[in-house]
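Worksheet: the structure to be examined is printed underneath.
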Amino acid sequence: MSLKTAEDFGKLIRETRKANKVTQKELAAACGTGVRFIRELEKGKPSCELEKALLVASMLGIKLKAIRPVEIGNGSGFGSGSGDGSGFGDGSGNG
């Protein structure tokens with residue numbers, strides 16, 4: 001499954017919690033968070049605290065995997081030095 005937004009992540013949390021027949025209150029208690037945090041996380045609130053969100057996912061048995069690109073600065077705009085001012089750096093190619 002590919003997660004692209006906070007909403008996608010929230011949907012995964014909600015579906016997994018429900019599949020495991022766990023209430024928001026039970027999950028919040030198990031994670032040491034408030035029910036409000038669980039509710040906001042499931043709704044896809046982008047500003048939810050990452051550390052807590054990762055804890056909730058872990059408690060539900062969700063395993064996340066990050067795949068780093070082989071080469072950073074490969075013309076994707078991140079330090080590519082394209083000179084158009086896009087991406088990171090000053091656009092000079094000197095990063």
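For GLY87, are the conditions met, namely being open to solvent by less than 40 Å² (accessible area, probe 1.4 Å) and modelled with pLDDT under 95?
On the way: open to solvent by less than 40 Å² (accessible area, probe 1.4 Å): no; modelled with pLDDT under 95: yes.
So GLY87 fails the test.
Which count do you get for residues in segment 32-73 that are of a type in the set (A, V, I, L, M, F, W, C) and modelled with pLDDT under 95? Spell out the reasoning first.
Residues of segment 32-73 of a type in the set (A, V, I, L, M, F, W, C): 35, 37-38, 41, 48, 50, 53-57, 59-60, 62, 64, 66-67, 70, 72.
Filter once more, keeping what is modelled with pLDDT under 95: 64, 66-67, 70, 72.
Going through segment 32-73 one residue at a time, the tally reaches 5.
Filter segment 10-39 down to residues that are exposed (fewer than 13 other Cβ atoms within 10 Å of the Cβ) and among the charged types (D, E, K, R) and give me whichever is nearest to LYS52 (Cα to Cα).
ARG36
Please go through segment 2-54 and give me each residue that is on the phi > 0 side of the Ramachandran plot and within 19 Å of the chain's Cα centre (by Cα), ordered by number.
Residue satisfying the conditions is GLY44 alone.
The values are calculated or read from the model by the stated rules, or taken from the named source; none is laboratory data. From a predicted model like this one, the values you see are computed outputs, not experimental measurements. Cβ: placed from backbone, ideal geometry, glycine included. Neighbour counts: every protein chain shown. All accessible areas refer to the heavy atoms of the entire protein, side chains included, with ligands and DNA or RNA removed. Shrake-Rupley method; radii C 1.70, N 1.55, O 1.52, S 1.80 Å.
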